[in-house]
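Worksheet for the structure shown next.
Values in this text are rule-based calculations from the coordinates and carry no lab data. None of the values given here were measured: they were computed from a predicted structure. Cβ: placed from backbone, ideal geometry, glycine included. Neighbour counts: every protein chain shown.
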Amino acid sequence: MKNPSSIVSLSFPLSLLCLPLLAYSECTCDQDPEENDKTKTIRYKLVAISSILIASALGVTIPICGKKISSLNPEKSFFFLIKAFSAGVILSTGFVHIFPDAYESLTSPCLKEKPWGEFPFSGFVAMVSAVMTMMIDSFATSYYRRLHFEKALPVSGNEEMERKHEGHVHVHTHASHGHAHGSALIADASSTSSHFRHRIVSQVLELGILVHSVIIGISLGVSESINTIKPLIAALTFHQFFEGMGLGGCISQAKFKAQSMVVMVIFYSLTTPIGIGIGMGITQSYNENSPTALIVEGVLNSAAAGILIYMALVDLLAEDFMNPKFQSNFRLQLGASISVLVGMGCMSLLAKWA
């Protein structure tokens, strides 16, 4: 079944690509002057586009293609370890990479003291986006659960009415059958609900990641300092690879149709390179210290941070760590806990350069 909401949710971030065009050089704060070789910076930016594109595509497709490998089956213990590592990466992305940038943007001295200096907007926006994500997660899952259950329930009711006329001799047999059929119906509804929930999680997670990817792409694209671009290339390449593995694991578990998976992979792979390209195109007119740019970037980063933090803690880590199979296996618990810490550590280390 093709889900139109996936197209809408994935196409929305593209509209964000136009937002930086609103920010021109009206900034009241001076930028640091640097001597730059424009030819070299363009060359490095082209290298960044190609390397990040390859790393993003590779990271997001490994878990999707890896589901054909028995050890990467969602029911296998190794899959829990990979998913825990990915959740640690996403959690670190929200806490260490995105939220500090959002806070820095919305508390910049380039913004007016009122209201930006009098209220913690970054934390407020992150909180609201996390709660909104929870609401979308809850309402969408319950909607699909009711929709599926209501379609299946009348069939069971008709069978019940027809068999009531078969006589007393068949009452016990029918009761047993009805109980079994009802249990199967509930189990099927639960399975379908879980299936749709994984899809919702994947779509919302990609939405948060794409917002962040656009911003970091533009930031690299507008930079004219070779000393800044060089470390960013390596850092963002690994950043996109690890983040792609986290997203790819969720997409794989959601069991989308091949066409939908291809669309999601393409969106993730191209968003940062496109952001870099836009940044290169608006380098002369874009001022990262202008009030408009700071507010747009700060609000979007705060929202993205709230989404990713919620998804990592609730939909990825909590779901697995409360799994009965997980809790009954101490070695799996220990291994997954270490995987989370390793994922957090690897991604946090990259914050030194990106």
Quick one, what does Rg over Rh come out to for segment 214-354 if you take C-alpha atoms and the Kirkwood Rh?
-> 1.04
If the chain between residue 37 and residue 255 were fully stretched, how many nm would it gain, using 0.36 nm times the residue separation less the Cα-Cα distance?
-> 73.7 nm
With the cut-off at 20 Å, report for segment 278-341 the share of all Cα pairs above it, as a whole percent.
-> 54
Residue by residue through segment 322-333, the couplings from Karplus 6.51 cos²θ - 1.76 cosθ + 1.60 with θ = phi - 60°, in Hz, x for Gly and Pro, are 9, 5, x, 5, 5, 6, 8, 10, 5, 5, 5, 4
Cα-projected label distance for residue 113 with residue 76, points at 7 Å along beta-carbon direction, nm = 6.2
Just need the relative contact order of segment 200-309 here, percent rounded to a whole number, with Cα pairs under 8 Å and 6+ apart.
-> 56
Step through the residues of segment 269-285 one at a time and calculate ³J(HN,Hα) from phi using the Karplus curve (6.51 cos²θ - 1.76 cosθ + 1.60, θ = phi - 60°), rounding each to whole Hz and writing x for Gly and Pro.
-> 5, 8, 4, 5, x, 5, x, 4, x, 5, x, 5, x, 10, 3, 6, 9
Modelled label reach - residue 124, point 7 Å along Cα→Cβ, segment 270-312 residues with backbone N closer than 18 Å = 292, 294-307
